[in-house]
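For reference, the structure discussed in these notes is given below.
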Amino acid sequence: MIKLEQIVKRYSGGFEALSQVSLNIEKGSMVFITGHSGAGKTTLLKLISALETPTSGRVVINNQCLNHLNKRDRAYYRSNLGIIFQMPNLLNNRSVFDNVALPLHIHGMQPLMIAKRVHAALDMVGLLDKEKLLPIYLSAGEQQRVGIARAVVHKPLLLLADEPTGNLDPMLSTGIMKLFEQFHQVGVSILIATHDLSLIAGMKHRIVMLKDGKIC
Amino acid sequence: MLNSLRELTAYHLQAAIHSFNLLILRPITTIVTIVVIAVALSLPTLCWVLSTSLNQLTIDWQRGGYISLYVKTGISDVDQKSLLDKIHKIPGVGDVILKTPQAAMQELQAQEGMHDVMRYLSENPLPTVIDIVPSITLHEPEAIEKLLDEIKLLPQIEQTNFDREWVIRLNALHGLAIKITYILMGLLSLCVLLIVGNTLRLLIHYHYDEIRVLKLIGATDEFIARPLMYSGIWYGLLGAILAVLLINLFMLSIAPALQELLNICHMRYVFHSLSVIEAYQIVFIAMLLGWLSAKLSIKHQLSSIAPYN
């Protein structure tokens, strides 16, 4: 599913965020990427989500090399991913429903189908009763769950999460991780970057450790 | 095929409605922009309406620049009639008015003081005069000159009289008015382009975070641009409707004064406000300008915004 070959990412200014990283992730697996801040976790996810291009090496997702995609194809590729961030990045002038519906609008789906899918996604994260609210009236945990609903509403095969529990207390964090477990059980490949080792210690999934831009 | 067409329509309809909602969300900005667009559209349109009116008027005025033909004396009535027919058939001749010496004499006698003078004349010295009004299609003085040359070739004509200077002056003035109208139209269309472009630039700035999020979750620039394109079209449409109202209001308010002026100048012409077709034309042009402006201003700005990361 995900194949990174000898990835080097050097930012202008000479800072090398990733050096010679190779990684293979099977379809349907759930993998954690850990390491201190600055270890290169976010850079890795940005490369996989085609937000960045590697300085050298190849990023191959589903047998498709991302290195030479043009801007439009990158956007199209991203529209088929589920991406979750530390900050939920919701649109505060649109309701919870409209926020979750965005990926479906991008795919040009019919309004009836959109309503069905959005309700299913909101039901999954337990926020069906808050669909009409604006995100600012929700708690941090609820906002993150709206972000997750938005990331899974279009049924992506690959879900990327960058510190999804970074802003949440331990109880909420566990709840979010349980959600990811559920998605994993239905066959979604999930890649989660987190520095919270205690949270993932009890979960029996592969852990990739990054240190100074290298896998160790 | 039909399904994808329906999807595309739903897609565009959604973008159009969404963009309209965006405009309603910030009513003051929207109203100010629409008023500015309306004023920018009204000025060249007014010039256009007035210049078409002027065009009608010059045709009327050109009748002042008619050609007088003095017919040789001693021509029989039958010959005169065939001459009239011949003149009528010359291309470029609009109206032909025959003025017999008797009629001209009566006209002269009717003038104050002339009656007594006329009594001393033993016979009517006035020639038969044929006044030719050039046809409406003849605007250029050169074209009228050409017509004149043709008429001069007729053997029955003694002399011709044509107020060339007057027609030339009128045409020059009319030409100037038309040129000024075109220049104003160009400049103010540019103005509309810039106003809409600038407003959309501000709109993009206002929705900067939203655009970054949309890009992040895979929206293409075209998808993000679509509602903005519709915003441009909405601005054009609403601005044009207001402009049509303003122009009609203006024409109605000056119509009585203009009519009075024309009456003083002994001219019969009814000033009209915008016709329905003209109004549609303005609305269409304004929508086109709004769309064009959006297309020109959005693309570069959107591509310079990077997705959230």
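The values are calculated or read from the model by the stated rules, or taken from the named source; none is laboratory data. No experiment lies behind these values; they were computed from the predicted model shown. Using ideal geometry, Cβ is built from the backbone for each residue, glycine included, and neighbour counts are taken over all protein chains shown.
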Legend entry - Counted residues, the stretch B:255-267 - those being exposed (fewer than 14 other Cβ atoms within 10 Å of the Cβ) and either in a helix (DSSP H, G or I) or of a type in the set (Asp, Glu) (or both): 6
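Looking at this structure, is A:Thr43 over 19 Å from B:Ala219 (Cβ atoms) and within 14 Å of chain B (Cβ to nearest Cβ)?
On the way: over 19 Å from B:Ala219 (Cβ atoms): yes; within 14 Å of chain B (Cβ to nearest Cβ): yes.
Criteria met by A:Thr43.
Give the stretch A:70-89 a look and list any residue that's under 20 Å from A:Met109 (Cβ atoms) and either over 18 Å from the mean Cα position of the chain (by Cα) or of a type in the set (A, V, I, L, M, F, W, C) (or both), or say none. Break it down into steps so the answer makes sense when it comes.
Residues of the stretch A:70-89 under 20 Å from A:Met109 (Cβ atoms): A:72, A:75-83.
Answer for the stretch A:70-89, where residues must be under 20 Å from A:Met109 (Cβ atoms) and either over 18 Å from the mean Cα position of the chain (by Cα) or of a type in the set (A, V, I, L, M, F, W, C) (or both): A:Arg72, A:Ala75, A:Leu81, A:Ile83.
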Inset, instruction - Sort out which residues of the stretch B:167-185 are free of Cβ contacts under 8 Å to residues at least 60 places away in the same chain and either hydroxyl-bearing (Ser, Thr, Tyr) or surrounded by 14 or more Cβ atoms within 10 Å (Cβ to Cβ) (or both), and write them in order of number. - result: B:Ile168, B:Tyr182
Inset, instruction - Taking only the stretch A:126-154 into account, find how many residues are surrounded by fewer than 24 Cβ atoms within 10 Å (Cβ to Cβ) and more than 14 Å from chain B (Cβ to nearest Cβ). - result: 14
Inset, instruction - Collect the residues in the stretch B:186-207 that are within 14 Å of chain A (Cβ to nearest Cβ) and either crowded, with 22+ Cβ neighbours inside 10 Å or of a type outside the set (Phe, Trp, Tyr) (or both), keeping them in residue-number order. - result: B:Leu203, B:His207
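Condition first: within 14 Å of another protein chain (Cβ to nearest Cβ), crowded, with 19+ Cβ neighbours inside 10 Å, touching a helix residue (DSSP H, G or I) at 6+ places or on another chain (Cβ under 9 Å) and touching a residue at least 40 places away in the same chain (Cβ under 8 Å). Can you find one or more residues in the stretch B:233-249 that meet it? Outline the logic, then answer.
Initially, the stretch B:233-249 is screened for residues within 14 Å of another protein chain (Cβ to nearest Cβ), giving none.
No, the stretch B:233-249 contains no residue that is within 14 Å of another protein chain (Cβ to nearest Cβ), crowded, with 19+ Cβ neighbours inside 10 Å, touching a helix residue (DSSP H, G or I) at 6+ places or on another chain (Cβ under 9 Å) and touching a residue at least 40 places away in the same chain (Cβ under 8 Å).
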Inset, instruction - Go through (1) among the small types (Gly, Ala, Ser); (2) under 19 Å from B:Glu165 (Cα atoms); (3) touching a helix residue (DSSP H, G or I) at 6+ places or on another chain (Cβ under 9 Å); (4) at pLDDT 75 or above one by one and return the number of the condition B:Ser68 breaks. - result: (3)
Inset, instruction - Within the stretch A:3-24, work out how many residues are over 13 Å from A:Leu210 (Cβ atoms) and of a type in the set (Gly, Ala, Ser). - result: 3
Inset, instruction - Taking A:Arg58 as meeting all but one of (1) of a type in the set (D, E, K, R); (2) touching a strand residue (DSSP E or B) at 6+ places or on another chain (Cβ under 6 Å); (3) within 12 Å of chain B (Cβ to nearest Cβ), write down the number of the exception. - result: (3)
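So which of B:Leu84, B:Leu121, B:Leu154 ends up being farther than 29 Å from B:Thr52 by Cβ, in contact (Cβ under 8 Å) with a residue 40 or more places away in the chain and part of a loop (DSSP other than H, G, I, E, B)?
Working: B:Leu84 fails: part of a loop (DSSP other than H, G, I, E, B); B:Leu121 fails: in contact (Cβ under 8 Å) with a residue 40 or more places away in the chain.
After ruling out the rest, the residue left standing is B:Leu154.
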Inset, instruction - Inspect all residues belonging to the stretch B:209-218 and state whether any of them is β-branched (Val, Ile, Thr), without any contact (Cβ under 8 Å) to a residue 60 or more places away in the chain and assigned to a helix (DSSP H, G or I). - result: no
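Test A:Phe85 against the stated conditions and say whether it is buried (at least 17 other Cβ atoms within 10 Å of the Cβ), under 24 Å from B:Arg6 (Cα atoms) and either in contact with a Lys or Arg (Cβ under 8 Å, 6 or more places away or on another chain) or in contact (Cβ under 8 Å) with a residue 12 or more places away in the chain (or both). Walk me through how you get there before you give the answer.
Working: buried (at least 17 other Cβ atoms within 10 Å of the Cβ): yes; under 24 Å from B:Arg6 (Cα atoms): no; either in contact with a Lys or Arg (Cβ under 8 Å, 6 or more places away or on another chain) or in contact (Cβ under 8 Å) with a residue 12 or more places away in the chain (or both): yes.
So A:Phe85 fails the test.
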Inset, instruction - Being closer than 15 Å to B:Lys215 by Cα and polar (S, T, N, Q) is the filter here, so list the residues in the stretch B:289-309 that pass it. - result: B:Gln301, B:Ser303, B:Ser304, B:Asn309
Legend entry - Residue under evaluation A:Val60, criteria (1) over 16 Å from the mean Cα position of the chain (by Cα); (2) under 17 Å from B:Val213 (Cβ atoms), criterion not met: (2)
Legend entry - Residue that is modelled with the highest pLDDT, among those in the stretch B:255-283 that are farther than 19 Å from B:Ala240 by Cβ and of a type in the set (Gly, Ala, Ser): B:Ala257
Inset, instruction - Scan the stretch B:21-32 for residues that are modelled with pLDDT of 90 or more and surrounded by 15 or more Cβ atoms within 10 Å (Cβ to Cβ) and report the count. - result: 1
Inset, instruction - Name the single residue, out of those in the stretch B:156-197 being modelled with pLDDT under 85 and among the aromatic types (Phe, Trp, Tyr), that is farthest from B:Leu126 (Cα to Cα). - result: B:Trp166
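Which of the following residues is away from chain A (no Cβ under 14 Å) and either free of Cβ contacts under 8 Å to residues at least 40 places away in the same chain or within 13 Å of B:Leu238 (Cβ to Cβ) (or both): B:Leu41, B:Leu25, B:Leu5? Please lay out each step first, then the result.
Numbers: B:Leu25 fails: away from chain A (no Cβ under 14 Å); B:Leu5 fails: away from chain A (no Cβ under 14 Å).
Step by step, each of B:Leu41, B:Leu25, B:Leu5 is checked, and only B:Leu41 is away from chain A (no Cβ under 14 Å) and either free of Cβ contacts under 8 Å to residues at least 40 places away in the same chain or within 13 Å of B:Leu238 (Cβ to Cβ) (or both).
What number of residues within the stretch A:73-119 are outside any helix (DSSP H, G or I), closer than 22 Å to B:Pro227 by Cβ and facing chain B (nearest Cβ under 10 Å)? Walk me through how you get there before you give the answer.
Pass one, the stretch A:73-119, residues outside any helix (DSSP H, G or I): A:80-95, A:107-110.
This time we only want the ones that are closer than 22 Å to B:Pro227 by Cβ, so: A:89-95, A:107-110.
Those still in the list that are facing chain B (nearest Cβ under 10 Å) too: A:89-94, A:107-110.
Looking only at that region, the number is 10.
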Legend entry - Any hit, the stretch B:219-228, residues being within 28 Å of the chain's Cα centre (by Cα) and either outside any helix (DSSP H, G or I) or over 30 Å from B:Tyr11 (Cα atoms) (or both): no
Inset, instruction - Give just the number: which of (1) β-branched (Val, Ile, Thr); (2) out of contact with any helix residue (DSSP H, G or I) (no Cβ under 6 Å at 6 or more places or on another chain); (3) surrounded by 19 or more Cβ atoms within 10 Å (Cβ to Cβ) does A:Val8 not satisfy? - result: (3)
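Could you tell me which of the residues B:Glu222, B:Glu158, B:Glu210 is farther than 28 Å from B:Thr45 by Cα, surrounded by fewer than 16 Cβ atoms within 10 Å (Cβ to Cβ) and within 14 Å of chain A (Cβ to nearest Cβ)? Outline the logic, then answer.
Working: B:Glu158 fails: within 14 Å of chain A (Cβ to nearest Cβ); B:Glu210 fails: surrounded by fewer than 16 Cβ atoms within 10 Å (Cβ to Cβ).
Answer to the selection: B:Glu222.
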